[in-house]
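The values are calculated or read from the model by the stated rules, or taken from the named source; none is laboratory data. In this text the structure is predicted, and so the values were computed from the model without any measurement. Note that we place each Cβ from the backbone using ideal geometry, even for glycine, and neighbour counts take in every protein chain shown.
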Amino acid sequence: MSGVNDTAPEIERIMRDKLMAHSGEERFVMGAQMFESAREMMKASFPPGLSEAEQRRLLFKRLYGNEIDMDLVFPQKEK
């Protein structure tokens, strides 16, 4: 990510304090919910009619790009 930050330090501190006031479990659940929301937004942008396997593969590609070799995770069936 870029180093752009237009949030005032005081506001950043307030937001961090509010977040850290939650338990570790609550913060974990919040993160999981945000990840699920991001997944649903990505899936909403997919072309209609994709199979579940195609959706999983495309979602993986959008999340991880070229960081992980897709053929290791989704081996191609031999023809």
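Looking at Arg13, Arg27 in this structure, which one is farther than 30 Å from Arg62 by Cα and either assigned by TED's automatic domain parsing to the domain that holds Leu58 or surrounded by 10 or more Cβ atoms within 10 Å (Cβ to Cβ) (or both)? Spell out how you get there, then give the answer.
Working: Arg27 fails: farther than 30 Å from Arg62 by Cα.
That would be Arg13, the only listed residue that is farther than 30 Å from Arg62 by Cα and either assigned by TED's automatic domain parsing to the domain that holds Leu58 or surrounded by 10 or more Cβ atoms within 10 Å (Cβ to Cβ) (or both).
Does the range 51-61 contain at least one residue that is in a loop (DSSP other than H, G, I, E, B) and on the phi < 0 side of the Ramachandran plot? Even if it seems obvious, please write down each step before you answer.
Going residue by residue through the range 51-61, those that are in a loop (DSSP other than H, G, I, E, B) are 51.
Among the residues that remain, those that are also on the phi < 0 side of the Ramachandran plot are: 51.
Within the range 51-61 (the criterion being in a loop (DSSP other than H, G, I, E, B) and on the phi < 0 side of the Ramachandran plot), the answer is yes, since at least one residue qualifies.
Condition test on Val73, is it within 15 Å of the chain's Cα centre (by Cα) and β-branched (Val, Ile, Thr)? So that I can check it myself, show each step before the final result.
Working: within 15 Å of the chain's Cα centre (by Cα): no; β-branched (Val, Ile, Thr): yes.
So Val73 fails the test.
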